[in-house]
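Colleague: Structure below; questions to follow.
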């Protein structure tokens with residue numbers, strides 16, 4: 001071969017390799033996708049939509065200057081993905097078990113598989129809280145600390161892998177484990193305070209002492225899922241205290257799905273969080289929840305008035321106003337018996353024929369497999385204990401009639417008591433904010449109450465109230 005031609009060929013190959021090294025490639029497949037896209041975001045400066053083909057496969061290229069942990073979202077799920085410049089990374093998952101099936105290959109696969117395995121193990125640790133009554137706070141602190149040390153020992157056990165990890169990633173994992181330990185502590189504090197009006201002075205001192213070592217505004221961890229879970233429980237506890245200081249009764253302040261508690265959540269976050277992206281993210285979240293839990297027109301308006309106190313994006317303000325407009329139809333006292341829904345056969349029908357006695361309408365999604373499996377035992381138990389009420393399921397998966405119907409038949413739900421929302425282009429993106437919510441509806445079709453979730457531990461007392469007071473609302 002001509003030497004000049006060989007030289008040109010070598011230059012061409014080197015040039016191609018350089019171009020490849022300048023790009024980061026992510027490929028993969030999502031089985032049983034809920035949507036035809038996923039979103040990749042660092043939650044601050046970068047967000048992009050990645051579309052799936054008909055087989056759920058995707059390929060995406062980006063220019064990355066430094067290693068970073070991103071969120072990737074495929075509604076309603078979210079997970080982490082660690083990416084280094086020039087990576088060629090693959091991921092595969094099945095939405096039937098989103099987290100449990102997630103697996104990575106290629107560059108940075110070991111790091112990403114470590115992150116998902118930690119996430120799954122962290123989730124199992126929540127089972128400790130079922131036995132929280134067995135411990136005082138000092139004992140639980142010791143337990144959570146030993147769990148943290150066990151994780152640190154495990155992730156640092158393989159010296160060869162440790163050498164290949166960047167300092168950024170090692171710090172990220174260590175911080176994630178630390179915040180998981182903090183999250184267990186804050187979860188324990190919430191349960192302890194909810195069950196005991198007055199804690200022992202020694203417990204209060206220990207809580208204060210432990211919290212002095214917690215760094216709230218640690219920039220490398222802002223969007224880590226373990227950190228966000230810790231922050232959720234930490235601000236929840238501070239919000240209960242702030243709510244009580246505002247003169248509101250303790251039981252109401254401990255109920256997370258009340259407007260009173262949520263106002264305190266945003267008050268706490270506004271004072272506590274320094275990162276403007278994280279602060280606005282949380283403020284928008286709590287304002288959203290305030291609207292969806294508001295049971296009167298005045299509460300909705302008060303929330304809309306509060307928007308002006310924050311530096312939210314115009315798109316967020318527009319979203320909250322649209323949500324408020326949508327939610328107006330569900331406040332207590334409004335009639336919902338004439339709203340059109342779809343039955344399992346695709347026919348339009350209203351609630352009116354089903355309202356022969358006090359009725360609970362609860363919303364659910366067929367895409368949340370764990371909730372689908374928990375749903376039937378819960379409903380059957382309530383129907384058995386309270387024969388004086390009906391329970392109607394309202395599926396929120398618009399444009400997914402065939403999939404919803406298959407889940408109803410698969411799990412042997414009562415097809416006469418299952419409905420689905422109609423597609424509505426103006427409000428379709430809002431249905432997800434009503435998953436697992438309850439609407440207590442009286443026989444004449446008016447909303448009586450709507451503060452609870454289907455898995456709320458106070459549901460039975462509210463059902464008794466609905467039955468006992470039903471005559472007042474006829």
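Here, each number is a calculation from the coordinates, and none is a lab measurement. None of the values given here were measured: they were computed from a predicted structure. FYI the Cβ positions are ideal-geometry reconstructions off the backbone, even for glycines, and counts take in every protein chain you see.
Colleague: Tell me the angle of helix 276-293 to the major Cα principal axis of the chain, expressed in degrees between 0 and 90 and rounded to the nearest ten.
Modeller: It is inclined by approximately 20 degrees.
Colleague: With each pseudo-label sitting 7 Å past Cα toward Cβ, what's the residue 36-residue 329 distance in nm, one decimal?
Modeller: So the two model labels end up 2.7 nm from each other.
Colleague: With a ≥ b ≥ c taken as the square roots of the eigenvalues of the C-alpha gyration tensor of segment 245-308, please select rounded if a/c is under 1.5 and otherwise prolate if a/b is larger than b/c or oblate if it is not?
Modeller: Note, shape of segment 245-308 comes out oblate.
Colleague: Pairing the Cα long axis of helix 314-327 with the longest principal axis of the chain, what angle in degrees results, from 0 to 90 and rounded to the nearest 10?
Modeller: 30
Colleague: Using packing as a proxy for protection, rank 96-106, 42-52 so that the peptide with the highest average count of other Cβ atoms within 10 Å comes first.
Modeller: 96-106, 42-52
Colleague: If you don't mind, there's one more thing I want to ask. What FRET efficiency comes out for residue 59 versus residue 113 if R0 is 30 angstrom and r is the Cβ-Cβ distance? Round to the nearest 0.05.
Modeller: For R0 = 30 Å, the calculated efficiency reads 0.90.
Colleague: If you don't mind, another one. What distance in nm separates the simple spin-label points at residue 88 and residue 349, each placed 7 Å from Cα in the Cβ direction?
Modeller: According to this spin-label approximation, the distance is 5.6 nm.
Colleague: Here's another thing I want to ask about it. Roughly how far apart, in whole Å, are the Cα centres of segment 103-140 and segment 36-71?
Modeller: 25
Colleague: In the chain, what % of DSSP beta bridges are antiparallel (nearest 5)?
Modeller: Beta bridges within the chain, antiparallel portion: roughly 70 percent.
Colleague: Please identify which residues in segment 267-291 have an amide N closer than 18 Å to a label point set 7 Å out from the Cα of residue 311, following the Cα→Cβ vector.
Modeller: 267-285
Colleague: Helix 401-410 sits at what angle to the longest principal axis of the chain, using alpha carbons and giving 0 to 90 degrees rounded to 10?
Modeller: Here the helix axis deviates by roughly 70 degrees.
Colleague: Another one. Using Cβ contacts closer than 10 Å as the measure, can you line up 89, 204 from fewest to most?
Modeller: 204, 89
Colleague: Quickly work out the residue 96-to-residue 444 label distance, labels modelled 7 Å from Cα along the C-beta direction, and quote it in nm with one decimal.
Modeller: Spacing of the two 7 Å Cα→Cβ label points: 4.9 nm.
Colleague: Residue separation times 0.36 nm, minus the C-alpha to C-alpha distance between residue 44 and residue 171: what's the value?
Modeller: Stretched fully, the residue 44-residue 171 segment lengthens by 43.7 nm.
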